[in-house]
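The values are calculated or read from the model by the stated rules, or taken from the named source; none is laboratory data. In this text, all values refer to a predicted model and were calculated from it rather than measured experimentally. Here Cβ is always computed from backbone atoms with ideal geometry, including for glycine, and neighbour counts include all displayed protein chains. Just the protein is used for accessible areas: all its heavy atoms, side chains included, with ligands, DNA and RNA removed. Shrake-Rupley method; radii C 1.70, N 1.55, O 1.52, S 1.80 Å.
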Amino acid sequence: MTTVRTRFAPSPTGHLHVGSVHTALYSWLIAKKYKGQFILRIEDTDLERSESTHVQTILQSMEWLGMDYDEGPYFQTQRLARYKEVIDQLLKDGLAYRCYCSKERLEHLRECQLANKEKPRYDGCCRNQHEFKDCPFVIRFRNPEEGVVAFDDLVHGHIEFQNSELDDLIIARADGSPTYNFCVVVDDLDMGITHVIRGDDHVNNTPRQINILRALGGKEPLYGHVPTILGPDGKKLSKRHGAVSIQQFRDDGFLPHALLNYLVRLGWSHGDQEIFSLDEMIEYFDFDHLNNSPATFDIEKLLWLNQHYLKEAKSEDLVQELDAQMAKAGVSILDGPDLVDLIQVQKERCKTLVDLAEKSRYFYEDFTEYDEKAKAKNLKKEVIPVLQSVLTKLELVSHWKAEPLHACILQTAEDLDLKLGKVAQPVRVAITGGSVSPPLDVTLELIGRHRSLHRIKEAIQICEAGLLH
RNA sequence: GCUCUCAUCGUCUAGUGGCCUAGGACACUGCCCUCUCACGGCAGGAACAGGGGUUCGACUCCCCUUGAGAGUACCA
């Protein structure tokens, strides 16, 4: 039994797209599941659009996601000699030929075919022409003219194409550079790929690739064409739908595990299970339960998963990433609680780390304005005795910890014969500027003695000022 | 146009001929918990695209229609 070898082959023409990662994840999972190898290959033969900075972001994104590879990254541009060698062999064997047709002729041909409602394709003009001309040429693969080429797709089942539908595709451009459909075949063959898992926009390429592979005498791998991810409008997921690059998800405060969990369930299921550890994904993933229809990306569900993983995470493990988010939000954390303690009280009420950072400003810096509604509702003259009573008690607290602070609030409510909410809410607005925060006692503790007392005094002044009007 | 692919609640999905008066999750609504928010708990509305077959019996198998997507490049 040969070992499973899968690959992920992004092209560095942009950021790493979440759709690509969706497919790559399945590829990675299969390799892990069968204790095989996962290979990373950068398809950079499009010199015009490939950039090395994109290679870097792809590598970084893979690392952030924790999708490690056993081999690579390989670069197609470093394998040019190999492609040339194969092309020469094909030429020698008569399995490929020089085509001298001009772009103009091809364009004209295409227009005519379209006008006649025919499928545009190369007409084989140079197929049987053996003279060597002294003018620019491309190399075409001599595709079989008859018969069918079929394969059993891991997700779609049996698929077959008539060779008569295919034409002689170009495998090397006029400048000698090899094209995609040719390189993939050579690479997958050379790298011993056993499972070609890719987006289903490649199904139409598959029969051509199989024909080339056969010409090369290679053994066909298993193909698995994963359905595309759609945006909410039913169109292919793209930038105009919001975040699509992995980097963007990170910047937006998502956790890699949440994203992976979301993606693994997008198109695949294991009964009713929604939450998967990495080990469970590896253990349970299979093509039998992979849907063959395209799925729509739903940010709401991702958000839910992210909150779930935020809640489950050890606070210490979130410190580093939150630190970066705080910096980005322009909040200096030098004067305020430890991030670990902050995370501990905030994580379960936030959907993302960005969310967490934004909701935590008042722990580190004084606010200049109160939330208008909260202020109008809670900082009124009736509240003055409440705040004063709380203030007096708080000032006597020597050990500034949640427990004694909680007692102060309770005692005030009892003294003034008020429901707890009538005391807690005004204090909350006083110390946070808004109506939402973690439980009051821990909030007081984390904001600290000095700041808390100061803010309550300020709030009392606000209430008194309101009296004048 | 041609070729290929796809079709269950708004969304992700369970369902592999009888277990389906179609299950779960997200979202939504209501209630409970409660110092706010969130968490958690409970309840509710919400789907088999349409039409033909096959079968004792179709969400499940076949065909057609409709709709959607992909490819049709000297891009990948």
Inter-label distance, nm, simple model (7 Å from Cα along the C-beta direction), A:ASP134/A:GLU220: 4.5
Neighbourhood net charge (13 Å Cβ-Cβ; Lys/Arg +1, Asp/Glu -1) for A:ALA407: -3
Share antiparallel - DSSP beta bridges, segment A:79-226, percent rounded to 5: 70
Segment A:372-465, accessible area per residue, ligands and nucleic acids excluded (1.4 Å, Å²): 51
Chain A: DSSP helices with Cα axial extent of at least 27 Å and average Kyte-Doolittle hydropathy no lower than -0.5: A:449-468
Estimated [θ] at 222 nm from DSSP helical runs (n ≥ 4, -39500 (n - 2.57)) normalised by residues in chain A, nearest 500: -14000 deg cm²/dmol
Percent accessible area from carbon and sulfur atoms, segment A:372-465, protein chains only, probe 1.4 Å: 55
Å² per residue, accessible surface of segment A:223-370 at 1.4 Å: 49
Loop-located GluC sites (Glu not before Pro) in segment A:64-157 whose Cβ has at most 16 other Cβ within 10 Å (DSSP): A:GLU118, A:GLU131, A:GLU145, A:GLU146
Mean-position separation - Cα centroids, segment A:136-197 and segment A:215-286, in angstrom: 26
Accessible carbon and sulfur surface of segment A:79-226 relative to its total accessible area, %, 1.4 Å: 51
Lysines with Cα under 27 Å of A:LYS380, excluding same-chain neighbours fewer than 8 positions away: A:LYS359, A:LYS393, A:LYS419, A:LYS422, A:LYS457
Low-density loop positions, GluC sites (Glu not before Pro), segment A:333-365 - DSSP coil, at most 10 other Cβ in 10 Å: none
Separation of the A:SER293 and A:GLN89 label points, Cα + 7 Å toward Cβ, nm: 4.5
Sparse-neighbour loop sites [trypsin sites (Lys or Arg not before Pro); segment A:275-370; at most 16 other C-beta within 10 Å; DSSP]: A:LYS314
Apportionment of accessible area to carbon and sulfur, segment A:313-357, percent (1.4 Å): 48
For segment A:79-226, radius of gyration divided by Kirkwood radius, i.e. Rg to Rh on alpha-carbons: 0.97
Net charge of neighbours whose Cβ lies under 11 Å from the Cβ of A:PRO256, counting Lys and Arg as +1 and Asp and Glu as -1: -1
Among beta bridges that DSSP assigns inside chain A, antiparallel share in %, nearest 5: 50
Proximal lysines to A:LYS32, defined as alpha-carbon separation beneath 25 angstrom and excluding residues fewer than eight positions away on the same chain: A:LYS219
Chain lengthening between A:ASP46 and A:ASP415 when straightened (0.36 nm per residue, less Cα-Cα): 125.2 nm
Global geometry of segment A:354-469, whether rounded, prolate or oblate, following the gyration tensor of its Cα atoms and the 1.5 cut on a/c: oblate
Restraint check, A:LYS347/A:LYS373; A:LYS375/A:LYS401; A:LYS328/A:LYS351, Cα-Cα greater than 19 Å: A:LYS347/A:LYS373; A:LYS375/A:LYS401
